[in-house]
Amino acid sequence: MSKTHLYLRTGFPRAPLANGLGRYMCQVKRITIKFCKSHGSSRGVRDFIETDMIDFVKQNPEFVLYLKPRRHHSPHLIAEYLNGEKFHMSFHNFNREEISKWVNLMKTRAGAPIMAYRKLGHTDNPSIQGVWSPFANQDTSLNVTSFPNEKLSRKFQTEPTATELLLEMFKKQQLEDSEANESKEEESK
Amino acid sequence: MSAYERVKQWNTFARIWHIYDAKWQNPFDSAKVISKHIQGLHKPIYHPLNNCGDHVIVFNSRHIALPGYEWKKRAYFHHTGYPGGASWTLAWQLHEINPTLVMQKAVKWELPRGLSKFGLMARLHIFPDEEIPEELLKNVTSQLRQLRPVPRTLDSYSDKEIEEFPKVMDYPNDYILK
């Protein structure tokens, strides 16, 4: 026997009709309530039908509410949605307030299956700049360079080395010496 | 998925070949960089279940530079499994036997423990000198930067450069150099 029904489904969140951006559309298309006319477990359902049902149906002409009397059966609800999902729910020993609350919930639901979300966000445009590739943002000159390349291999030298500093100091000293010699020669003339 | 989307997918998961010059480089520091590229950790698409590692060619492994007294002091342990089968090979001895092994072991230690090591190590290609097979070299599209500058040796300086180099003093003519 498979265990698939024992675990919660997993998936990604989706919103029907662009989150109802243009107009609201009730996602439930049919609610069926099955109940018994005589049993005590259907008492709340019978109360709901007597007092609240007519108003509820008049206020919500977008979907149909079916009532199916079934002899000696436990009362339950079946809600069918535009996305093809179907929900069963038991109303066994529920009272009137509970039933009107649950029926209202079924009306306002989007029909998304109850599942564990793998990601909490969803977008229809995953990336504007396009998917990454190892060749993205690479220097185009790499296409024509031959490897191994000495210039690409060498470490970036930000500061001069001690040897370079020494050579620079030496050159500076030589320049100063030559200038001093010139000025001396001019004085002697 | 359209043909264009399919090609984009291939492009994203394309395997890259990097090349790394180990000349005068510390193999243990280099191994940290190389192991990241072998695992694909440098990619934004990285995921442990995602096979996105790259190939790395390391050449000049004969000319690596170990820090401090590592050549003398670092010992590589091996045990044959028999009593008295333990052996300790010093780094310089191992390097004489096979000039790629110090580098190879350094990278192997950096990789995560487990069986994935074998598959990852297959993407590392080490060559002791400058000679790299042409069929490997033609795959290369990227070069990893060295971690430290390669110092110039005295041989690389010309006679003129040595002559012009600043000196604190000249040796006297009768001074005998040892």
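Some observations on this one:
- Rounded to 10°, Cα long-axis angle of helix A:162-188 versus longest principal axis of chain A: 40 degrees
- Given A:Lys171/B:Lys72; A:Lys3/B:Lys117; B:Lys23/B:Lys160; B:Lys8/B:Lys117, the pairs whose alpha carbons are separated by over 32 Å: A:Lys171/B:Lys72; A:Lys3/B:Lys117
- In chain B, the longest principal axis of the Cα atoms and the axis of helix B:27-39 are about 20 degrees apart.
- All aspartates and glutamates inside 19 Å of B:Lys167 as judged from Cα atoms, apart from same-chain residues fewer than 8 positions distant: A:Glu164, A:Glu168, A:Glu176, A:Asp177, B:Asp155, B:Asp159
- Protection proxy ranking, highest mean first, for peptides A:69-77, A:139-147, A:166-174, B:60-68: B:60-68, A:69-77, A:166-174, A:139-147, where packing is the per-residue count of other beta-carbon atoms within 10 Å, averaged.
- Listed by chain and number, the aspartates and glutamates whose C-alpha is less than 18 Å from the C-alpha of B:Lys138, apart from same-chain residues fewer than 8 away, are A:Glu150, B:Asp21, B:Asp54, B:Asp129, B:Glu130.
- FRET efficiency for B:Trp88 and B:Leu41, using Cβ-Cβ distance with R0 set to 25 Å, rounded to 0.05: 0.15
- Backbone HN-Hα couplings from phi across region A:32-38 [Karplus 6.51/-1.76/1.60, Hz, Gly and Pro as x]: 10, 10, 9, 8, 10, 7, 10
- Among beta bridges that DSSP assigns inside the protein assembly as shown, antiparallel share in %, nearest 5: 45 percent
- Rounded FRET efficiency, nearest 0.05, which uses the C-beta distance separating A:Asn104 from B:Phe13 and R0 of 56 Å: 0.70
- Contact order for chain A, expressed relative to its length and based on alpha carbon pairs under 8 Å spaced 6+ residues apart, stands at 26 percent.
- Nitroxide proxy distance, nm - points 7 Å out along Cα→Cβ at A:His88 and B:Lys73: 7.4 nm
- Counting only DSSP H runs of at least 4 residues, each contributing -39500 (n - 2.57), and dividing by the residue count of chain A, the helix-based mean residue ellipticity at 222 nm comes to -10000 deg cm²/dmol.
- Positive-pole candidate from A:Ser2, A:Ala180, A:Leu120, dipole of chain A, charges at beta carbon: A:Ser2
- For a straight C-alpha distance cut-off of 22 angstrom, the lysines reachable from A:Lys34 (same-chain residues fewer than eight places away being disregarded) are A:Lys58, A:Lys68, A:Lys86, A:Lys101, A:Lys107.
- Dipole magnitude of region A:1-150 about its Cα centre (Cβ charges: Lys, Arg +1; Asp, Glu -1), debye to nearest 20: 1040 debye
Rule-based calculations on the coordinates, nothing more; no lab input. These numbers were taken from a predicted model, which means no experiment stands behind them. Heads up, the Cβs are rebuilt from the backbone with ideal geometry, glycines too, and the neighbour counts pull from every protein chain shown.
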